[in-house]
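Here the structure is laid out as structure tokens; the discussion comes afterwards.
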Amino acid sequence: MIIREQSRFRLCWDAVILVLALLSCVLIPYQLAFVHKISAANNGLLFAISLVFMADIVLNFITTFRRAGSEIRDPTEIRKHYLKGHFAIDLLANFPLGMLFWLAGDPQVAGFSIVLWVRLLALLRMVRFFVILRRWESLSWTHPGYLRVFKYLGVILIFTHCIACLWFAVAYVDAFPQDSWVVAAGIESADPVSQYVRSLYWTITTMTTVGYGDISPGRTVEYLLGILIMLMGASLYAFVIGGVASLLSNLQAAKNSYREHIESVETYLRARRVPHYLSTKVHDYFEYLWERHKGLNEPHLLRDLPDSLRLDIILHLARDVLKQVPLFRHCSPPLRNALLSVLEPATYAPGNFLVREGEVGRSIVFIIRGEVEIVTGEEVTVHGVMGPGDYFGYLSLALKERRSGSVRARDYCETLVLEQDSYEALSSDYPEFLDALKAVSAERSEQASELLLAGVVL
């Protein structure tokens, strides 16, 4: 049996492993420093977590992996890949040595349970934390930037937690001497939670170089540890905070660039003394484009892809269009693909004209989103309304006549435009294209007849 890396089961399993890895890195250092002994319940919990990770090792031997953009499903290759990878670390982190020592009598070393000392190896489970997040970064539906921020935060929290536990354990090893920071703080007899909070408080203030001085080292070993923590903490915090800040900045880079573009346009409009109501329309138009497309030019983004792959993406993106536009029901797959590849998207704000009366017909316009109204004359007589799935422009283009009516957007309207050159090429390469247009025109003959009777040719 082979499990796909991106299967729902594997993704859910990895999420569980991610949570348990973080839980292990929290529980074990805390128990070593503040609890010192393991109850049967806690031991059972940690043993159950170890069993889950041992099961994860087994699943890793039958889970596919990606190499050079391809999913490797060969069982032999999968085993070799895992054995050469992080198998040794996983085995060392999850082998139940602690349980064996506990069953043998749980010996003590320097006042600490040897079981917990051995279980510190479980901190190596953080390797799985990084492996899983790196794997998730390659998924199409995740945002790598947010995952990296989560990774940074996980590292800083676990590191801070472990240092807090170590800071208290240094005093506990020597049975809280009178010059230790624990005695000075008066928490040698406090409950473990209070002791942990004070240790965590000192660790954060020291690592962030705040240092209020209310808790300070009293012994040489504590001074030395404090120096080490300050150096490590300052470096780690600087690295992590810098990385997070950079990632957050990059996450906003596209929006900031788009905002700069809008501001440049607005500056130009002000310099040219364009009326405020027009500037507002321009601003609202750009806001709509950002909400709908995040300011991205989809055709431009896809132009470097191979034709076959680009067509696959276009077909996926156009799945709703295929349902809405009746013309595609009359097209063969080759004609449909050719038509989709030459259609150009265009978006119009409310009140904007898609075409104007008197223009020479040079395009066919398919309405995908929003509504338009057909109007004539200076007094703006409304002859009808079109919505998603409708199209216009065929008659004026085929007859090479000027349009006798205008089309105006009632709300934000998204369209696909077939230009004259593409129309002529399709008509030449696919004779059935004209038949498809005629068939769709016959289906909407009532509306077309009303327009023709009114003398409106679009």
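The table for this structure:
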| item | result |
| --- | --- |
| Only listed residue being modelled with pLDDT of 85 or more and touching a Gly at 6+ places or on another chain (Cβ under 7 Å), chosen from Trp181, Trp202, Trp167 | Trp181 |
| Members of the stretch 142-191 found to be farther than 22 Å from Met126 by Cβ and of a type in the set (Ser, Thr, Tyr), listed by number | Tyr172, Ser180, Ser189 |
| Single unsatisfied condition, Val456 versus (1) more than 26 Å from Lys281 (Cβ to Cβ); (2) modelled with pLDDT under 90; (3) not in a loop (DSSP other than H, G, I, E, B) | (3) |
| Pairs where the first residue, in the stretch 365-379, is assigned by TED's automatic domain parsing to the domain that holds Glu419 and the second is of a type in the set (D, E, K, R), C-beta under 6 Å, 6+ apart | Ile367/Asp390; Ile368/Glu414; Arg369/Glu414; Gly370/Asp411; Glu371/Arg410; Glu373/Arg408; Glu373/Arg410; Val375/Arg408 |
| Candidates Glu414, Glu419, Glu424 - the one that is modelled with pLDDT of 85 or more, under 23 Å from Ser332 (Cβ atoms) and in contact with a strand residue (DSSP E or B) (Cβ under 6 Å, 6 or more places away or on another chain) | Glu419 |
| Cβ pairs under 6 Å, 6+ apart, first in the stretch 350-361 and β-branched (Val, Ile, Thr), second assigned to a loop (DSSP other than H, G, I, E, B) | Val355/Arg403 |
| Residue match in the stretch 408-417 (condition: within 30 Å of His316 (Cβ to Cβ), without any contact (Cβ under 8 Å) to a residue 12 or more places away in the chain and not in a strand (DSSP E or B)) | no |
| Within the stretch 205-224, considering residues that are of a type outside the set (S, T, N, Q), crowded, with 17+ Cβ neighbours inside 10 Å and in a helix (DSSP H, G or I), the one modelled with the highest pLDDT | Glu222 |
| Matching residues, the stretch 360-380, being under 30 Å from Asp320 (Cα atoms), assigned to a strand (DSSP E or B) and either in contact with a Pro (Cβ under 7 Å, 6 or more places away or on another chain) or of a type outside the set (Ser, Thr, Tyr) (or both) | Ile364, Val365, Phe366, Ile367, Ile368, Arg369, Val372, Glu373, Ile374, Val375 |
| Hey, Ala171 exposed (fewer than 14 other Cβ atoms within 10 Å of the Cβ), under 21 Å from Ile28 (Cα atoms) and over 44 Å from the mean Cα position of the chain (by Cα) or not | no |
| Residues that are in contact (Cβ under 8 Å) with a residue 60 or more places away in the chain and not in a helix (DSSP H, G or I), drawn from the stretch 57-84 | Ile62, Thr63, Thr64, Phe65, Arg66, Glu71, Arg73 |
| Output for the stretch 231-278, where each listed residue is assigned to a helix (DSSP H, G or I), loosely packed, with under 13 Cβ neighbours inside 10 Å, over 25 Å from the mean Cα position of the chain (by Cα) and not aliphatic (A, V, I, L, M) | Ser235, Glu263, Ser264, Thr267, Tyr268, Arg270, His276, Tyr277 |
| Failed criterion for Leu397 (all others in (1) exposed (fewer than 15 other Cβ atoms within 10 Å of the Cβ); (2) part of a helix (DSSP H, G or I) hold) | (1) |
| Flag if Ala41 is surrounded by fewer than 13 Cβ atoms within 10 Å (Cβ to Cβ) and not β-branched (Val, Ile, Thr) | yes |
| Pairs, first more than 18 Å from Arg10 (Cα to Cα) in the stretch 44-56, second surrounded by 14 or more Cβ atoms within 10 Å (Cβ to Cβ) and among the charged types (D, E, K, R), C-beta under 7 Å, six or more apart | Leu46/Arg119 |
| Matching residues in the stretch 304-321 - criterion: being within 15 Å of Leu418 (Cβ to Cβ) and assigned to a helix (DSSP H, G or I) | Ile314, Val321 |
| Ser341, sole failed condition from (1) surrounded by 13 or more Cβ atoms within 10 Å (Cβ to Cβ); (2) farther than 18 Å from Ser422 by Cβ; (3) under 30 Å from the mean Cα position of the chain (by Cα); (4) among the polar types (S, T, N, Q) | (2) |
| Residue under evaluation Thr142, criteria (1) at pLDDT 75 or above; (2) closer than 30 Å to Gln252 by Cα, criterion not met | (1) |
| Positions within the stretch 377-393 being within 23 Å of Glu419 (Cα to Cα) and of a type in the set (Ser, Thr, Tyr), in sequence order | Tyr391 |
| Residue match in the stretch 50-65 (condition: in the same structural domain as Leu123 (by TED's automatic domain parsing), farther than 17 Å from Leu92 by Cα, in contact with a helix residue (DSSP H, G or I) (Cβ under 8 Å, 6 or more places away or on another chain) and modelled with pLDDT under 90) | yes |
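The values are calculated or read from the model by the stated rules, or taken from the named source; none is laboratory data. Because the structure is predicted, anything quoted here is derived from the model rather than measured. Positions of Cβ are generated from backbone atoms using ideal geometry, with glycine treated the same way; all protein chains shown enter the neighbour counts.
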